[in-house]
Amino acid sequence: MYGKLCGIDEAGRGPLAGDLVVAGCILNSYIEGLDDSKKLTEKKRETLYELIVKDSAYHIVKFSAKDIDNLGISICIKRALVEIMKNLTCNEYLFDGNSAFGVSGLKTMVKADGKVAEVSAASIIAKVTHDRDILELAKKYPLYQLEKHKGYGTALHIEMIMKHGYSEIHRKSYKLKALEKTLFN
């Protein structure tokens, strides 16, 4: 059974800062406790991440804020899906969600990250990679307090952008009414 399905999921689609991370994963054996990464504690995700990367084939694709601004989020996701399918060979590819972004040979399932072990594993790989990268960015860009919101559009993050302006890690194509009034007028 294992090795026949490549699960694919992403992390970082919605944040205002940081990379989009898309991961594909083919499990070699059963791993206890897999679930949607958002339902797991950070500690549990980290523990499972280590187990997953030791006993699976996986591929991670990242797109920067600049890539997202230049190409658009949908093109970035499509390119990531194609790259994963080129790098991980198996019988079936399953992406979490309801859109295959025009990629042939890719199946989709809503909430697959909580239903299918391989997609759960990909979800965990993507989320842990995204969050680790954000914590590194937090050291380089301390004014934005990224460690507190992981780049998402929280009131604190918006306040920090209003105070300090955008940095190179921010997605300028993501328009927010609160920011448009302050930064663009």
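The values are calculated or read from the model by the stated rules, or taken from the named source; none is laboratory data. For clarity, every value in this text was computed on a predicted model and none was experimentally measured. Cβ sites come from the backbone with ideal geometry, for glycine too, and all protein chains shown count toward neighbours. For accessibility, only protein heavy atoms count, side chains too; no ligands or nucleic acids. Shrake-Rupley method; radii C 1.70, N 1.55, O 1.52, S 1.80 Å.
Brief remarks follow.
- Test: residue in region 70-79 that is open to solvent by less than 40 Å² (accessible area, probe 1.4 Å), farther than 17 Å from Leu20 by Cα and among the aliphatic types (A, V, I, L, M): no
- Residue in region 110-119 that is under 17 Å from Arg171 (Cα atoms) and not in a helix (DSSP H, G or I) present: no
- Per this entry, Thr47 is not counted among residues that are under 23 Å from Gly151 (Cβ atoms) and among the polar types (S, T, N, Q).
- Being among the aliphatic types (A, V, I, L, M), at pLDDT 95 or above and touching a strand residue (DSSP E or B) at 6+ places or on another chain (Cβ under 6 Å) is a property that does not hold for Ala138.
- A search for C-beta distances below 8 Å between a residue of region 58-74 that is over 18 Å from Thr129 (Cα atoms) and any residue that is acidic (Asp, Glu) and open to solvent by 50 Å² or more (accessible area, probe 1.4 Å), counting only pairs 6+ apart in sequence or on different chains, returns Lys66/Glu168.
- Screening the candidates Ile84, Ile60, Ile75 for the property of being modelled with pLDDT of 95 or more, in a strand (DSSP E or B) and at negative phi yields one hit, Ile60.
- Ile84 among the hydrophobic types (A, V, I, L, M, F, W, C), over 19 Å from Val110 (Cα atoms) and open to solvent by less than 10 Å² (accessible area, probe 1.4 Å): yes
- Taking region 149-163 as the range and being basic (Lys, Arg) and at negative phi as the test, only Lys163 passes.
- Residues of region 12-46 that turn out to be in contact (Cβ under 8 Å) with a residue 12 or more places away in the chain and either part of a helix (DSSP H, G or I) or of a type in the set (A, V, I, L, M, F, W, C) (or both), as a count: 18
- Some residue of region 173-181 being crowded, with 21+ Cβ neighbours inside 10 Å and in contact (Cβ under 8 Å) with a residue 40 or more places away in the chain: no
- Residues of region 134-148 that are open to solvent by less than 80 Å² (accessible area, probe 1.4 Å) and either out of contact with any helix residue (DSSP H, G or I) (no Cβ under 6 Å at 6 or more places or on another chain) or touching a residue at least 12 places away in the same chain (Cβ under 8 Å) (or both): Ile134, Leu135, Leu137, Tyr141, Tyr144, Gln145, Leu146.
- Scanning region 31-41 for residues that are modelled with pLDDT of 95 or more and open to solvent by 100 Å² or more (accessible area, probe 1.4 Å) yields Glu32, Lys39.
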